[in-house]
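Below is one structure, written out as structure tokens, with a few remarks after it.
The values are calculated or read from the model by the stated rules, or taken from the named source; none is laboratory data. Just so it is clear, the structure is predicted and the values come from calculations on it, not from any experiment. As a convention, Cβ positions derive from the backbone with ideal geometry for all residues, glycine included, and neighbour counts pool all protein chains shown. Remember, those area values only see protein heavy atoms, side chains included, never the ligands or the DNA or RNA. Shrake-Rupley method; radii C 1.70, N 1.55, O 1.52, S 1.80 Å.
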Amino acid sequence: MRKGVPVKPYPRLNQQQIELIHRASMEILNDTGIVVHGKEPLELLSSAGAEVNGSDQGGGYKVKIPETLVLDSVKKAPSEIKLGARNPENTLLLSAENPRVYYGSGSETNFFLETALKEFVPRGEDNSPGYIFPTYSSRRGCVEDLCRVAHLANQLENLDFFIRPINIQDEDITEENKDVNKFFAALDNIEKHVMAGITDLNQFNNIVKMGQIIAGGKQEFKNNPVLSFISCVTKSPLQIVEDAALRMIAANRHGIPVVISSSPQGGSTAPIEEMGMVSMINAEILAGVVLSQAAEKGAPVIYGSVPVRARMDNLHDMYGAPEFSQYNLACVQMSHYYGLPNYSAGGVSDARVPGIQATVEKSLSHLFVAQGGTNLLHYAFGLLLETQTFCPEQAILDNAHIGIIKKILEEPEIDKELKEKVISGIDKVMDSPYRIFSRSARKYMRSGNMYMGYPFEGGEEKDNTMLRVKEETERLMEQPRSCLPENIRNEVYNQVPGILPRLVKE
Amino acid sequence: MTQEHILNEIRKNVIQGRRNAEDEGLDDELAGEPGVEELVDQALEQNIDPQEILNQAISKGMEEVGVKYENGEYYIPDMLAAAEAVGAATDRLAPYLEQDNQQKKGKIVIATVEKDYHDIGKNIVCIMLKGAGLEVIDLGVDVPADKIIEEAANREANLIGLSALLDTTMGYMESTIKKLEDKGLRDNVKVLIGGAPTTPEFAEKIGADAHCRDAFEAIRTIEEEETR
Ligand code: B12
């Protein structure tokens, strides 16, 4: 199992505030109601005890969900979920009660930001040795990028799970073959857990088949779900979308873990004030949970809260906003209040390129949202420009910074047994000539648990960080890939239709 | 134990940085095993030539430690531990070694200057210089210029090391050198200075012989001085 970061959650909301939000969400579900599209979700909800009102004139039905049904559904859903991986050492244990924070990538940017290093000579100083600065250019992502990124992610020690951070937009990628190719490109290059949404419900069975072949059989896949799904069941404000609901239900019926995600924007599709935002997103996700449990009692579902704040100049998302961290922290608490594992977000910057803004925005949400004790913190690697671009160099920086945060959040090691050892160590040094404690630092230094310093330190009166990071990117990209064993690769290729031949035959 | 075996054990314990049986060293389960002090005593009892102990065991061990440091396997705490082990060994060996041997390596009087209480850096330098085979006379912190000069003269030191960490105390380095000149003792000693606020330019300005960024540079400077 991956260690993750066991945290004692920081209680941003006190018990009374949690209960107030719960009350508000219950009123929203019971009185305001939620708009539901699609026959199957409606039938499931109504037979579970929700009240369906009015008629559909293209705008969906209003469904009112009573508190008893919500609480009953929440109880049925497991509070502990295991996510598997090609390498079982990368298994993740999501527990609402004793949360460990796992950091993951994501999610689906369209643009890949390339970094090039160029040398500049100051004007009029022709003999100067010149300065090297990074320059950036953005282009659309392709399936080869996804392979490379998964390969990179496999090597980032602080990346615990993988959601593809770049979309595949090749000419030969169609709506039909997109799902199988995105899952295959990822799973063929990374030995960690892979999560993704599904574009085409018809591909669901193919993806499950892929998972079963890779895990080694049907039962093996149940025990070691190497992949899981994300479904944006709700569209804010307060609507259940039919095809997303059907994708979730498919996963529920197969017993495959699925994130029920909702991503309202405070200030455009949701209230901007924390209480309004959290009450509403909580209602939305709980409606999804009710639906999942109506479809399959005990289905493993993850409370997926991705609340963001809108920027006021263009109503895009603004991830660097402190409110983003506040919303996310509060949602983590709500999720655990219901005993549901949580999936949230942190580590996106609004900046277009790596730099000071990106570092500050990312690090703060990486830290604060983790302190809430979220189980899966996605968006954490390489995302820039409000999740529109992915930059591998940024992912490497994020990996280093998350390493620092994981270290900070580590549990204190203070106990009775250590006391004697500590005192005798101090006594020994006090009796020595120069009273330096460095001798006793030697083993600690080698325990593998000591922070050894910023990995990209410059060493000159200029900022060389990106130079070092670029070197590291190239080094990691050149490492041999950890592909699927040849026979499994071929089996997947032969049994799952639609995989691009160039992904298997290089 | 054969001579070869015992010298080998001393060498290994220098690398482990173990002064005596109490030190745990780096590898597991060494605590309790004899360290450099016990092993040197044993070697002397067995009439192994002290010069041989120094050259074949201690210096060899320290050379290997240097290599480990160069290639990133060892860090400063390891260097200090090894240097302390060497220091402990040379204390034991000193009475047996020929006088001129010590003289060749040099004798240094070190102090943190007046009104300055910083001594971490100075102590590191002391440990490392001792580990490198010098005789080190450490006068501690807040040491007035007159005391430094007096000790250097009485002990016939050929080197003086001054440490200062404050802009307000750096000036005492200059006055120490001035007093050496006034007493006509300046030519008897080389003066090395160090401490974060000092620079090579400052050393030149106050007439010191060298500025050393760290203990390694101090060792290099002293060794270059010798071969001159
Ligand atoms: C630790 C420390 C202290 C400790 C000292 C503990 C101790 N046992 O020494 C304590 C807390 C006591 C302390 C006190 C004070 N400190 Co203080 N202290 C420091 C600090 C953080 C680190 C110094 C240190 O030990 N570095 C680690 C060692 C390994 O490095 P080093 O000393 O540079 O030594 C290396 C080299 O320089 C060289 N070297 C050094 N000496 C020599 C000598 C020779 C001969 C050779 C060859 C080489 C050599 O080799 C060494 C090994 O590599 C520095 C900040 C800094 N970054 O330097 C401030 C600093 C030096 N302190 C400072 C101040 C202001 C003070 C106080 C005045 C604070 C106060 N208001 O009370 C007091 C002064 C006390 C006094 N009168 O001396 C200022 C000085 C600014 C200035 N005016 O110049 C500094 C720079 C911090 C700051 N930015 O404010 N301090």
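Overview of values
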| read-out | value |
| --- | --- |
| Per-residue HN-Hα couplings for the stretch B:105-113 [Karplus 6.51, -1.76, 1.60; θ = phi - 60°; Hz; x = Gly/Pro] | 5, x, 10, 10, 9, 10, 7, 8, 5 |
| Positive-end extreme of charge dipole, the protein assembly as shown - chosen from A:PRO6, B:THR199, B:LEU165 (charges on Cβ) | A:PRO6 |
| Leading residue at positive end of dipole, the stretch B:3-99 (Cβ point charges), from B:ALA82, B:LEU54, B:HIS5 | B:LEU54 |
| Minimum 30 Å² accessible area buried by the other protein chains, the stretch A:396-443 residues, probe 1.4 Å, relative to alone | A:LYS428, A:TYR434, A:ILE436, A:SER438, A:ARG439, A:ARG442, A:LYS443 |
| Sites A:MET477 and A:LEU117 - FRET efficiency at Förster radius 22 Å, r taken between beta-carbons, to 0.05 | 0.90 |
| Spin-label pair A:GLU491/B:ASN55, simplified geometry with 7 Å Cα→Cβ offset, distance in nm | 6.8 |
| Residues of the protein assembly as shown: accessible area per residue with a 1.4 Å probe, Å² | 45 |
| Those lysines that a straight Cα-Cα span of less than 23 Å connects to A:LYS182, excepting residues fewer than 8 apart in one chain | A:LYS82, A:LYS192, A:LYS209, A:LYS218, A:LYS222, A:LYS505 |
| A:TYR343 - accessible surface, heavy atoms, 1.4 Å probe, Å² rounded to 10 | 10 |
| For the stretch B:74-166: lysine pairs under 18 Å (alpha-carbon distance), excluding those fewer than 8 apart on one chain | 8 |
| Near-label residues of the stretch A:99-128 by backbone N, under 15 Å of a point 7 Å along Cα→Cβ of A:SER137 | A:112-119 |
| Kirkwood-type radius of the stretch B:107-226, with distances r between different C-alpha atoms, in Å | 13.7 |
| Unit charges on C-beta of K, R, D, E only; dipole of the protein assembly as shown, Debye | 2380 |
| Solvent exposure ordering (accessible area, 1.4 Å, most first) of A:ARG481, A:ARG139 | A:ARG481, A:ARG139 |
| Long-range HN-HN contacts of A:GLY266 with modeled amide H, under 5 Å | A:VAL308, A:ARG309, A:ALA310 |
| Accessible surface of B:ILE124 - all protein chains present, 1.4 Å probe, nearest 10 Å² | 50 |
| Sum of -39500 (n - 2.57) over DSSP H runs of 4+, divided by residues of chain B (222 nm, nearest 500) | -16000 deg cm²/dmol |
| DSSP-defined beta bridges in the protein assembly as shown - what % are antiparallel, rounded to 5 | 40 |
| Residue order for A:ARG253, A:ARG164, A:ARG352, A:ARG123 - accessible surface, 1.4 angstrom probe, largest first | A:ARG123, A:ARG352, A:ARG253, A:ARG164 |
| A:GLU176 accessible area, assembled protein chains, probe 1.4 Å, Å² | 130 |
| Heavy-atom SASA rank of A:LEU20, B:LEU166 (probe 1.4 Å, accessible area, largest first) | A:LEU20, B:LEU166 |
| Evaluated over the stretch A:355-506, the Cα radius of gyration and Dmax, each in Å | 22.7, 74 |
| Nearest-20 debye value, the stretch A:375-496 charge dipole, Cβ charges on Lys, Arg, Asp, Glu | 580 |
| Centroid-to-centroid separation of the stretch A:56-98 and the stretch A:348-362 [C-alpha atoms, Å] | 32 |
| Under the Karplus curve 6.51 cos²θ - 1.76 cosθ + 1.60, θ = phi - 60°, whole-Hz ³J(HN,Hα) for the stretch A:22-36, x wherever Gly or Pro sits | 4, 4, 4, 5, 5, 5, 4, 5, 8, 9, 5, x, 10, 7, 10 |
| HN-Hα J in Hz across the stretch A:101-109 - Karplus 6.51, -1.76, 1.60, θ = phi - 60°, x for Gly and Pro | 8, 10, 9, x, 8, x, 9, 6, 7 |
| Interface area, B with A, accessible, probe 1.4 Å, both sides summed, Å² nearest 100 | 1600 |
| Chain A - mean residue ellipticity at 222 nm from DSSP helices (-39,500 (n - 2.57) per run, n ≥ 4, rounded to 500) | -13000 deg cm²/dmol |
| The protein assembly as shown - percent of accessible surface contributed by carbon and sulfur, probe 1.4 Å | 49 |
